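One structure below.
The values are calculated or read from the model by the stated rules, or taken from the named source; none is laboratory data. Just so it is clear, the model here is predicted, and its values are computed rather than measured. Note: ideal-geometry Cβ built from the backbone for every residue, glycine included; neighbour counts use all protein chains shown.
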Amino acid sequence: MSDTVEAPTRVGAPNIRRTSGVDTAAGDARKRRTSWTPAWVAYLQAAPMALVFFLFFVLPLIATLVVSFWNYTEYSIEPAFVLSNYHDVFYGCVAKFPGLCTTFATYLSTLKFVAIVWATTLLIGFTVAYFLAFHIRTLPMQIALFMVCTIPFWTSNVIRMISWIPLLGRNGLVNDLLLSLGIVDTPVEWLLYSDFAVALALVHLYTLFMVVPIFNSMMRIDRSLIEAAYDAGASGWQTLTNVIIPLVKPGILIGSIFVVTIVTGDYLTIGIMGGQQIASVGKTIQTQINFLQFPIAAANAIVLLAVVLVTIWGMLRLVDIRKEL
Amino acid sequence: MAAKPVPREEKRPRSFYALSAFFALFVVFLYGPVVTILTLSFQGPNGGLTFPMNGVSLYWFERLWSGRGTVDIGTAFSRSLILGLVVMALTVVISVLAGLAFRKRFAGSTALFYVAIASLIVPSIVVSLGIALEFRIIDDLFRPLLSSIGLVSRRGNSLGLFTSGLGAHLSWTLPFGLLIMFAVFNRLDKSFEEAARDLGASNWQSFRFVVLPMIAPYLIGIALFGFTLSWDEIARSSQTMGSTNTLPLELAALTTTVTTPDIYALGTSVTAVSFTVIFTTLAAFIILQKRRQRRSLPD
């Protein structure tokens, strides 16, 4: 990152980069021309991206919605408009109430992981970002340490998962250590292929999604605000809770949206680290696809999509992101 | 957490040391596990999946790459590599074009932005299933017609590496590319383009000789995202690759079956490619930045 680019960050000039891409891009264009090309050029330039998203995101979601109303038998799938797939998804949910039907139990299990992973990644992510933003004094050092945190993000998730096996397994390093220290007599079994392993791997994989947006928000804080807080007699803790945390709320929100949606839709980590024994919605969908039961898989996918969208909507209600950015 | 050091102050507050220790632990947490499998992939021929090391050798790598092992990865490896490069190139080009479009006003820009963000956030298994369904429906609708005029074979499906697979990967890489372009263009000083315009540059000249050199280092960043996201992609690939398998899919399948260090050797190989790409990219980024600074600084 060049000095010219980062300069405003260091000074913390609040107005320069408080942006949410679109609004500012449009706002600036009105004030200051950067382009003298005819208007249709913009459509041409946006067309490839629009086409990709239309073909490989919008249409697929429509296809999923449509197929979720189709009929299927053991041998075939036929276009129809039936609600039986949704009925199957929620089978027993009313009859068993207040007991849990399969779907509710699965979502509850996922919710547990969401809560644990969200809280842990937020705590770790905030602390790491705080350290990088406020305790490292030079920009090159900040960038270097930030890269250290970022590099694992560019490597394979599966490898980062299986790399826990030699540590947590029955004969793994952790158990060896515990045995040799005499803390336990027999190897601890719940380290691998368990809820613990799933939560650990998810935190390991996704803490970066918290670090990046929170760090970004922190770098935009005008440093004179913090000095002002100290001058006004605030303690370090008071500055943190009254100045810094309110100002990094958008970063926390963006990180939270990432972590919550990823964990909600996850099937791979829960599959591998849970030894294929722990249920998740994604895994249910995948199993149904493997049995070629596309309509019910589609219905499950639509329900999952709805859950994710409602969650994001709720989180956006908590913090008005447009006001904060 | 406490006092942020005021610049004048030379002494570090105590919280600095506590947070440094925390950060160090975090780095160990991030890298520690990967280091263990990198180490274990050099197990001797009689070594197992866990420590202790039973000698040090390249046995498992040789077994892996000669195809004698439990896995044949040559094809999947080159398949993933080619797909990654294609995704990388397309991501850079499409993101830059869209980035340029977003600097102007056009109808539907807000919708396109939200769709891009949605593509990032919607669970990948849903997108993957959707693309698979879409292609099946398209096959059902059009294949009889197209085969009747002899364009495609009657049976078979259109799901494949460079049809649905490529699209699935782009739906994942393009939002990252677009967000980086936003960050880049938001910081770009518009005076340069105005100056170019005043000096009589055409639109194309202004882009080619003014804008492009300034954004070039960040395009390397987009390329890095494009390649590595595709190289490691698995959730969106799971239903969209048709009969072919990419390397991460093979690797995920192996986690349940393989009980020898083969899988660590494969993991090390995959990580080696990732690291080569990451460090080459970062080096290129730094060199470009240095060159730019040297040129821009007057004596």
Residue check for A:A105: modelled with pLDDT under 90, among the small types (G, A, S) and assigned to a helix (DSSP H, G or I): yes
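Is it the case that A:L51 is modelled with pLDDT of 85 or more, over 25 Å from the mean Cα position of the chain (by Cα) and under 28 Å from B:A118 (Cα atoms)? Give the derivation first.
Working: modelled with pLDDT of 85 or more: yes; over 25 Å from the mean Cα position of the chain (by Cα): yes; under 28 Å from B:A118 (Cα atoms): yes.
For A:L51, the condition - modelled with pLDDT of 85 or more, over 25 Å from the mean Cα position of the chain (by Cα) and under 28 Å from B:A118 (Cα atoms) - is met.
Within region B:66-112, how many residues are assigned to a helix (DSSP H, G or I) and in contact (Cβ under 8 Å) with a residue 24 or more places away in the chain?
Selection size over region B:66-112: 23.
Pick out, from region A:170-252, the helices (runs of 4 or more DSSP H) lying fully within it that include 2 or more residues that are within 10 Å of chain B (Cβ to nearest Cβ), over 24 Å from the mean Cα position of the chain (by Cα) and at pLDDT 85 or above. Spell out how you get there, then give the answer.
Numbers: elements: A:173-180, A:195-219, A:223-231, A:236-239.
Helices (runs of 4 or more DSSP H) meeting the threshold: A:223-231, A:236-239.
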Flagged in region A:150-169 as closer than 27 Å to B:G221 by Cα, facing chain B (nearest Cβ under 7 Å) and either of a type in the set (F, W, Y) or part of a helix (DSSP H, G or I) (or both), in numbering order, are A:I151, A:P152, A:W154, A:N157, A:V158, A:I159, A:R160
Give the residues of region B:115-142 that are in contact (Cβ under 8 Å) with a residue 12 or more places away in the chain and more than 7 Å from every other protein chain (Cβ to nearest Cβ), sorted by residue number. B:I117, B:L120, B:S128, B:A132, B:F135, B:R136, B:I138, B:D139
Being surrounded by 18 or more Cβ atoms within 10 Å (Cβ to Cβ), assigned to a helix (DSSP H, G or I) and within 29 Å of the chain's Cα centre (by Cα) is the filter here, so list the residues in region B:139-162 that pass it. B:L161
Go through the residues of region B:44-61 one by one and say whether even a single one is at pLDDT 80 or above and closer than 30 Å to A:V307 by Cβ. no
Residues located in region B:229-243, provided they are part of a loop (DSSP other than H, G, I, E, B), hydrophobic (A, V, I, L, M, F, W, C) and within 11 Å of another protein chain (Cβ to nearest Cβ): B:I234, B:A235
Quick one: A:G271 ticks every box in (1) under 30 Å from A:W190 (Cα atoms); (2) touching a Phe, Trp or Tyr at 6+ places or on another chain (Cβ under 9 Å) bar one, so which box is it? (2)
So, of the residues in region A:132-169 that are of a type in the set (S, T, Y) and surrounded by fewer than 18 Cβ atoms within 10 Å (Cβ to Cβ), which turns out to be farthest from A:G271 (Cα to Cα)? A:T138
Would you check if A:S68 is among the polar types (S, T, N, Q), crowded, with 16+ Cβ neighbours inside 10 Å and away from chain B (no Cβ under 14 Å)? no
Whether any residue in region B:255-276 is over 26 Å from B:G48 (Cα atoms) and either of a type in the set (K, R) or out of contact with any Ser or Thr (no Cβ under 6 Å at 6 or more places or on another chain) (or both) is what I want to check. yes
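So if I check each of A:G271, A:G255, which one is modelled with pLDDT of 90 or more and buried (at least 21 other Cβ atoms within 10 Å of the Cβ)?
Exactly one of A:G271, A:G255 is modelled with pLDDT of 90 or more and buried (at least 21 other Cβ atoms within 10 Å of the Cβ), namely A:G255.
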Go through region B:243-285 residue by residue and tally those that are among the small types (G, A, S), in contact (Cβ under 8 Å) with a residue 60 or more places away in the chain and within 19 Å of A:L268 (Cα to Cα). 1
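For B:G221, are the conditions met, namely being closer than 30 Å to B:P52 by Cβ and small (G, A, S)? Before you say what the answer is, go through the steps one by one.
Values: closer than 30 Å to B:P52 by Cβ: no; small (G, A, S): yes.
No.
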Filter region B:173-228 down to the residues that are of a type in the set (S, T, Y) and not in a helix (DSSP H, G or I) and list them by number. B:S202
Pairs returned, first residue in region B:150-174 that is assigned by TED's automatic domain parsing to the domain that holds B:L90, second residue that is among the aromatic types (F, W, Y), beta-carbon separation under 6 angstrom, 6 or more apart or interchain, are B:S158/B:F135; B:L159/B:F135; B:S164/B:F135; B:G167/A:F56; B:S171/A:F56; B:S171/A:F57
B:L112: passes all of (1) in contact with a helix residue (DSSP H, G or I) (Cβ under 6 Å, 6 or more places away or on another chain); (2) more than 7 Å from chain A (Cβ to nearest Cβ); (3) farther than 15 Å from B:A223 by Cα but (2)
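Do we have any residue at all in region A:77-95 that's part of a strand (DSSP E or B), at pLDDT 75 or above and within 14 Å of another protein chain (Cβ to nearest Cβ)? If you could, list the steps in order and put the result at the bottom.
Restricting attention to region A:77-95, the residues satisfying the condition of being part of a strand (DSSP E or B) are A:77-78.
Within this subset, residues satisfying the condition of being at pLDDT 75 or above are A:77-78.
Restricting the remaining residues to those that are within 14 Å of another protein chain (Cβ to nearest Cβ) gives A:77-78.
Yes: region A:77-95 contains one or more residues that are part of a strand (DSSP E or B), at pLDDT 75 or above and within 14 Å of another protein chain (Cβ to nearest Cβ).
Could we say that B:L219 is surrounded by 20 or more Cβ atoms within 10 Å (Cβ to Cβ), within 25 Å of B:L112 (Cα to Cα) and not small (G, A, S) here? Give the derivation first.
Values: surrounded by 20 or more Cβ atoms within 10 Å (Cβ to Cβ): yes; within 25 Å of B:L112 (Cα to Cα): yes; not small (G, A, S): yes.
Spelling it out, B:L219 is indeed surrounded by 20 or more Cβ atoms within 10 Å (Cβ to Cβ), within 25 Å of B:L112 (Cα to Cα) and not small (G, A, S).
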Kindly indicate whether B:G177 is more than 8 Å from chain A (Cβ to nearest Cβ) and crowded, with 16+ Cβ neighbours inside 10 Å. yes
Got at least one residue in region B:225-233 being surrounded by fewer than 18 Cβ atoms within 10 Å (Cβ to Cβ) and touching a residue at least 60 places away in the same chain (Cβ under 8 Å)? no
Among B:A253, B:A265, which is touching a Lys or Arg at 6+ places or on another chain (Cβ under 9 Å) and either surrounded by fewer than 19 Cβ atoms within 10 Å (Cβ to Cβ) or not acidic (D, E) (or both)? B:A265
Can you tell me how many residues in region A:266-320 are assigned to a helix (DSSP H, G or I), of a type in the set (A, V, I, L, M, F, W, C) and either outside the structural domain of A:S156 (by TED's automatic domain parsing) or free of Cβ contacts under 8 Å to residues at least 24 places away in the same chain (or both)? 7
Filtering region A:48-64 down to residues that are in contact (Cβ under 8 Å) with a residue 40 or more places away in the chain and among the β-branched types (V, I, T) yields A:T64
